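Asks: One structure coming up, written as structure tokens, with questions to follow.
The values are calculated or read from the model by the stated rules, or taken from the named source; none is laboratory data. Keep in mind that what you see is a predicted model, and the values were worked out from it rather than measured. As a convention, Cβ positions derive from the backbone with ideal geometry for all residues, glycine included, and neighbour counts pool all protein chains shown. Keep in mind that these areas ignore ligands, DNA and RNA; they rest on the heavy atoms of the full protein, side chains included. Shrake-Rupley method; radii C 1.70, N 1.55, O 1.52, S 1.80 Å.
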Amino acid sequence: MRTLYLDCVSGISGDMLLAALVDAGASLEYVKRELLKLPIDDFEIWVDTVDKQGITAKKLQIRLPEAGHDHDHSHDHGHSHDHGHSHDHGHSHDHGLHTHHHHHEHRKAATILEMIRESDLPERVKARSLAIFKVIAEAEGKIHGIHPSEVHFHEVGAMDSIIDTIGICLALEDLGVDQLLASPVPTGYGKMRMAHGLYPIPAPATAELLTGIPIARSHSEGELTTPTGAGVLKALVSEFGPLQLFTVDKIGYGAGTKDFAVPNVIRVLLGVAAAKETTRETIHVLEAQLDDCTAETLGYVMERLFEAGALDVYYTGVQMKKNRPGTLLTVLCLPEASNRLEEILLLETTTFGVRQSVWTRRILDREFGEAVTPFGSVRVKIGKLGGDVVQTTPEYEDVARLARENNVPFLEVYRAALSENKKTR
């Protein structure tokens with residue numbers, strides 16, 4: 001399986017990653033040719049070769065003719081701070097930070113997603129691009145208290161963000177990348193000035209996107225990881241950790257603007273990851289038998305258990321002492337969640353004790369894809385065994401929402417998602 005490892009030695013931003021992919025052999029001409037199929041204005045894009053403390057790296061440069069100047073990602077655009085990387089301009093909180101004297105409209109995230117869905121881009125490029133924009137819009141929406149589809153991108157920022165994000169996905173396609181792995185990522189520290197005042201680093205949207213992703217120690221003050229960079233990690237990377245059992249074929253370096261104690265580059269390593277050993281993990285099983293708990297109580301307890309991190313909860317009808325019909329309550333959880341879930345059972349049910357046992361389970365390697373159906377996008381959970389796809393399941397909530405919005409049967413959306421997902425594999 002063709003694998004790309006993102007070595008985030010100095011964080012990650014969209015343009016740095018795109019430059020690194022070009023340095024690793026992706027065709028920038030192919031990227032531009034495909035981007036110009038989209039209904040966007042013409043632009044120029046190229047890479048310069050720069051030196052970052054002895055490391056030769058590529059630096060992305062973009063010129064937007066309608067703006068009348070280069071977006072070489074080294075301008076401050078009215079910010080009083082200077083990012084260690086280039087700007088992604090994909091954050092909705094960048095509004096009003098630009099010093100251009102001409103008017104720029106705003107684009108809703110929903111408009112960008114629709115443009116991608118309706119494009120003639122390769123299917124995997126569409127799915128990956130949609131996934132990145134969606135996680136960024138969801139993070140921004142959560143920060144600003146609005147629906148993700150209502151998140152706005154400044155026109156110039158939208159162009160940069162579209163070029164960087166879709167450009168990355170096109171470069172991945174040109175390199176034939178099937179899966180992405182990454183190192184823990186430094187975010188930088190300190191404060192930076194935005195439209196509403198001084199904000200902490202990482203920026204709120206970046207912090208939201210990095211939930212669940214291991215953070216490395218930051219070597220320098222300033223913004224090392226941007227929302228677009230964090231969006232790529234959140235949407236596309238299937239596993240984080242040190243590089244191991246990996247045969248490297250090509251290496252690329254993408255440069256940021258500032259200089260730090262550590263070379264301000266992202267390094268990408270293209271190659272083949274060795275087949276992993278059987279994925280087996282430890283889980284705890286909690287059990288309690290109940291013969292005096294109401295159905296309402298059991299329903300409530302199940303909700304509490306899932307909220308507290310249970311992997312699964314189920315009830316089994318059993319015959320108990322004195323011939324009483326009862327319920328066997330079973331909870332599956334990771335070891336670190338077992339104590340708090342036990343306490344819920346002891347506090348919220350009528351049981352006087354909880355049994356706990358330790359099991360191991362063999363699981364499929366899991367990743368998420370996106371099926372672009374006529375009704376909208378559906379996340380798809382993919383289970384692999386030794387690199388081969390053996391299970392494909394559309395996410396229920398996405399299917400149900402699209403079925404309601406389009407007033408079509410649930411099964412019609414479900415089958416469309418399965419069908420589209422098979423085409424992209």
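Asks: Expressed in nm to one decimal, what extension gain is obtained for the pair Gln356 and Ala274 from 0.36 nm per residue of sequence separation less their Cα-Cα distance?
Replies: Between Gln356 and Ala274, full extension yields 25.9 nm more.
Asks: Rounding to the nearest 20 debye, state how big the charge dipole of the chain is about its Cα centre with +1 on each Lys and Arg Cβ and -1 on each Asp and Glu Cβ.
Replies: Roughly 1320 debye for the chain.
Asks: Let me ask you something else. Taking a temperature of 4 °C and a viscosity of 1.567 mPa s, what whole-number D in µm²/s does Stokes-Einstein yield for the chain with Rh from Kirkwood over alpha carbon pairs?
Replies: Roughly 55 µm²/s, to the nearest whole number.
Asks: Could I ask something else about it? Under 10 Å, Cα contacts only: if you run a Gaussian network model on the chain, which one of Met16, Met194, Met320 comes out with the highest mean-square fluctuation?
Replies: Fluctuation is largest for Met320.
Asks: Determine which aspartates and glutamates satisfy two conditions relative to Lys321: a Cα distance under 19 Å, and not lying fewer than 8 residues away in the same chain.
Replies: Glu287, Asp291, Asp292
Asks: How tilted is helix 123-144 with respect to the longest principal axis of the chain? Cα atoms for both, answer in degrees (0 to 90, nearest 10).
Replies: 80
Asks: Pick from Gly141, Gly197, Gly386: which is most flexible by mean-square fluctuation in a GNM of the chain where alpha carbon atoms under 10 Å apart are linked?
Replies: Gly197
Asks: Another one. Where a ≥ b ≥ c are the square roots of the eigenvalues of the C-alpha gyration tensor, would you call the range 159-300 rounded, which needs a/c under 1.5, or, failing that, prolate if a/b is larger than b/c, or oblate?
Replies: It is oblate, given that a/c is not under 1.5 and a/b is not larger than b/c.
Asks: A further question follows. By DSSP, what percent of the beta bridges with both residues in the chain are antiparallel, rounded to the nearest 5?
Replies: About 85 percent, rounded to the nearest 5.
Asks: Please name whichever of Cys169, Ile146, Val31 sits farthest to the positive end of the charge dipole of the chain, dipole taken about the Cα centre and charges placed at Cβ: Lys and Arg +1, Asp and Glu -1.
Replies: So the residue we want is Cys169.
Asks: So, one more: Would you mind giving the three semi-axes, in whole Å and largest first, of the ellipsoid equivalent to the range 135-178 according to its Cα gyration tensor?
Replies: 26, 13, 6
Asks: Then there's this: I'd like the orientation of helix 227-236 relative to the chain: the angle between its Cα long axis and the longest Cα principal axis, in ° from 0 to 90, rounded to 10.
Replies: 50
Asks: If you don't mind, another one. Stretch Glu348-Tyr314 to full length: gain in nm at 0.36 nm per residue minus the Cα-Cα span?
Replies: 10.7 nm
Asks: Kindly identify the range 1-56 as rounded, prolate or oblate by the Cα gyration tensor criterion: order the square roots of the eigenvalues as a ≥ b ≥ c, call it rounded if a/c is under 1.5, otherwise compare a/b with b/c, prolate if a/b is larger, else oblate.
Replies: prolate
Asks: Let me ask something else about it. Through the Karplus equation 6.51 cos²θ - 1.76 cosθ + 1.60, θ set to phi - 60°, convert the phi angles of the range 368-376 into ³J(HN,Hα) values in whole Hz; use x for Gly and Pro.
Replies: These are the phi-based 3J(HN,Hα) values: 10, x, 9, 9, 9, 9, x, 9, x Hz.
Asks: Using +1 at the Cβ of each Lys and Arg and -1 at the Cβ of each Asp and Glu in the range 281-361, identify which of Ala308, Phe352, Asn323 lies farthest towards the dipole's positive end.
Replies: With unit charges placed on the Cβ atoms, the residue in question is Asn323.
Asks: Could I ask something else about it? For the range 228-286, state the average projected area of the convex hull of the C-alpha atoms over all orientations, rounded to one decimal in nm².
Replies: Result: a mean projected hull area of 7.2 nm².
Asks: Right, something else. Add -39500 (n - 2.57) for each DSSP H run of 4 or more in the chain, then divide by its residues: what number comes out at 222 nm, to the nearest 500 deg cm²/dmol?
Replies: Value at 222 nm, helices only, nearest 500: -10000 deg cm²/dmol.
Asks: Within the set Lys58/Lys258; Lys32/Lys126; Lys37/Lys234, which residue pairs have Cα atoms separated by over 19 Å?
Replies: The pairs that break the limit, which is 19 Å between Cα atoms, are Lys37/Lys234.
Asks: If DNA, RNA and ligands are ignored and the probe is 1.4 Å, what is the ranking of Arg2, Arg379 by accessible area, most exposed first?
Replies: Arg379, Arg2
Asks: Right, something else. Ranked from highest to lowest mean number of other Cβ atoms within 10 Å per residue, what is the order of the peptides 239-246, 309-316?
Replies: The peptides rank, most packed first, as 309-316, 239-246.
Asks: Another one. Using Cα pairs closer than 8 Å and at least 6 residues apart in sequence, work out the relative contact order for the range 365-424, in percent.
Replies: Over the range 365-424, the number comes to 34 percent.
Asks: Then there is this: Using only the alpha-carbon atoms, how far is helix 410-424 inclined from the longest principal axis of the chain? Give it as 0 to 90 degrees, nearest 10.
Replies: Rounded to the nearest ten degrees, it is 50.
Asks: Also: Say we join alpha carbon atoms closer than 10 Å with springs in a Gaussian network model of the chain; which of Val272, Val301, Val185 then has the biggest fluctuation?
Replies: With Cα springs under 10 Å in the chain, the top fluctuation among Val272, Val301, Val185 is at Val301.
Asks: Per residue, how much accessible area does the range 210-331 have with a 1.4 Å probe, in Å²?
Replies: 51
Asks: Sticking with the crude label model, points 7 Å out along Cα→Cβ, report the distance from Ile215 to Glu29 in nm, one decimal please.
Replies: 4.4
Asks: Determine the share of the range 281-361's accessible area contributed by carbon and sulfur atoms, expressed in whole percent, with a 1.4 angstrom probe.
Replies: 52
Asks: Evaluate the Debye formula for the range 281-361 with equal point scatterers sitting on the alpha carbons, no solvent, and hand back log10 of I(q)/I(0) at q = 0.10, 0.12 Å⁻¹, in q order, two decimals.
Replies: These q points yield log10 I(q)/I(0) values of -0.22, -0.31.
Asks: Okay, next question. Along the charge dipole of the chain, which of Ala131, Ala182, Cys293 sits closest to the positive end, that is, farthest toward it, with unit charges on the beta carbon of Lys, Arg, Asp and Glu (+1, +1, -1, -1)?
Replies: Cys293
Asks: Taking the Cα centre of the range 210-347 as origin and charging only Cβ (+1 Lys, Arg; -1 Asp, Glu), how large is the dipole, in debye to the nearest 20?
Replies: 340
Asks: If one puts a single equal scatterer on every Cα of the range 365-424 and applies the Debye formula without solvent, what log₁₀ I(q)/I(0) results at q = 0.15 Å⁻¹?
Replies: Values, matching the q order: -0.39.
Asks: In addition: For Cα pairs less than 8 Å apart in space and 6+ apart in sequence, what is the mean separation divided by the residue count of the range 281-361, i.e. the relative contact order in percent?
Replies: Averaging sequence separation for qualifying contacts and normalising by length gives 49 percent for the range 281-361.
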